[in-house]
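The values are calculated or read from the model by the stated rules, or taken from the named source; none is laboratory data. Since the structure is predicted, the reported quantities are computational estimates derived from the model, not experimental observations. Here the Cβ positions follow ideal geometry from the backbone for every residue, glycine too, while neighbour counts run over all protein chains shown. Keep in mind that these areas ignore ligands, DNA and RNA; they rest on the heavy atoms of the full protein, side chains included. Shrake-Rupley method; radii C 1.70, N 1.55, O 1.52, S 1.80 Å.
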Amino acid sequence: QVQLVESGGGLVQPGGSLRLSCAASGSIFSFAFVGWYRQAPGKQRELVASITRGGVTTYADSVKGRFAISRDSTKNTVYLQMNSLKREDTAVYYCNAPPMTIWGQGTQVTVSS
């Protein structure tokens, strides 16, 4: 089974940017759908952005216009570029893809002055 590992999180000031990486142990095209999710303390996990095998992208309303999902097939990696970050973006970010049901450790994003 293909393994997905998240990285790239950290501490950033409001208005700043981060790029998260989701590296696959195999081809990212093994999946018809890859999504970036996030979960903040006391909140449910939510889908932030997704990309299909065909390259079609979707975004949650809360991040539309600020985040962009992309992929690099040569590196088997899906990225989440996060711009104009807000305090409410603070969360642990995960990548996952159906039919996988096991979640990794994620990467922490903290937006604070």
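For K43, which aspartates and glutamates qualify as cross-link partners when the Cα separation must be under 13 Å and same-chain residues fewer than eight apart are set aside?
E88, D89
State, to one decimal in nm, how far the label point of S84 lies from the label point of Q13, with both points 7 Å from Cα in the Cβ direction.
1.9
Efficiency by 1/(1 + (r/R0)^6): what FRET value for T52 and S113, r their Cβ-Cβ distance, R0 = 25 Å, to the nearest 0.05?
Numbers: r = 37 Å, r/R0 = 1.47.
With a Förster radius of 25 Å, E is 0.10.
Per residue, how much accessible surface does the chain expose to a 1.4 Å probe? Answer in Å², no decimals. Before the final figure, lay out each step's value.
Numbers: 6040 Å² over 113 residues.
Per residue, the chain has 53 Å² of solvent-accessible surface.
Carbon-plus-sulfur fraction of the accessible area of the chain, 1.4 Å probe, in percent? Each step should come with its number before you reach the end.
Numbers: 2990 of 6040 Å².
Within the chain, the accessible surface is 49 percent carbon and sulfur.
Taking the Cα centre of the chain as the origin, how large is its charge dipole in debye, to the nearest 20, when only Lys and Arg (+1) and Asp and Glu (-1) carry charge on their Cβ atoms?
Working: 11 positive and 6 negative charges, 20 e Å.
Dipole size: approximately 100 debye.
Largest first, what is the accessible-area ranking of W103, W36 with a 1.4 Å probe?
On the way: W103 85, W36 0 Å².
Listed by decreasing accessible area, they come as W103, W36.
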